[in-house]
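Shown next, in structure tokens, is the structure this report addresses.
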Amino acid sequence: EQKVAIIAIKSHVFSEYGPNGTKHALILAKEALRGNPKEGEWSFLVGKMLARIRQFTCDHCVTEEELECFRHAYALSNSAAHAVFLAQTYSHIAKGLYYKLPLAKGRRIMNDNEGRIIKGYNRKYLTICSKKP
């Protein structure tokens, strides 16, 4: 477990060095997660690196892997920090889906199914945000 913790610390350090450092940090974070999948912090770290890479590339699409990492971390620890990142991820998914919708007369056009999906992610966001510690 100590070796895995050292790998995770290295990941944190590399994440401070821009896009290339973050890519290497992701590799290390995944290695730490493989070393101890029951440690929520390592899952959280992988999720953070995936989110950071997504922000560097201006990709507004949250990957399933990123979402699952934050879900897993929150399920294991139930910590406030993990809750915030999971809630933000749900919000980013909803916004990403919304902004992909076509525009007509300055408004987004969505069918009922698209509306339900987006509202579902917004509800998940609000549910997490309204939980009492």
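Since every read-out is calculated from the coordinates, none of them should be taken as a lab result. Every value quoted in this text rests on a predicted model; they were computed, and no experiment measured them. A quick note on method: Cβ atoms are made from the backbone with ideal geometry, for glycine too, and the neighbour counts reach across all protein chains shown.
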- Could you work out how far helix 64-77 tilts from the main Cα principal axis of the chain, as a 0 to 90 degree angle to the nearest 10? 60 degrees
- Message: Testing the spin-label approximation: label points 7 Å from Cα along Cα→Cβ at K23 and I117. State their distance in nm.
- Response: 3.0 nm
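When the convex hull of the Cα atoms of segment 44-101 is projected onto a plane and the area is averaged over all directions, what value comes out in nm²? Write out the running numbers ahead of the final one.
Numbers: hull surface 14.3 nm².
The number I arrive at for segment 44-101 is 3.6 nm².
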- Selection from L103, F14, F56, by position along the positive dipole direction of the chain (Cβ): L103
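With +1 on each Lys and Arg Cβ and -1 on each Asp and Glu Cβ, and nothing else charged, work out how big the dipole of the chain is about its Cα centre, in Debye to the nearest 20. It would help to have the intermediate numbers written out before the result.
Numbers: 21 positive and 12 negative charges, 114 e Å.
It comes to approximately 540 debye.
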- Nearest 10 degrees, 0 to 90: helix 40-56 Cα axis against the chain principal axis: 60 degrees
- Given (1) 56, 35, 20; (2) 73, 33, 25; (3) 47, 31, 29, the label whose value is Cα extents along the principal axes in Å derived from this model: (1)
- Item | Peptide ranges 65-71, 101-107 listed from the most packed, as the mean C-beta count within 10 angstrom indicates | 65-71, 101-107
- Acute angle (nearest 10 degrees) that the helix 2-14 long axis makes with the longest principal axis of the chain, alpha-carbon atoms: 60 degrees
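Report, in cubic angstrom per residue, the convex hull volume of the C-alpha atoms of segment 71-133. The partial results should precede the final answer.
Details: hull volume 5.2 nm³, N = 63.
So the per-residue hull volume is 83 Å³.
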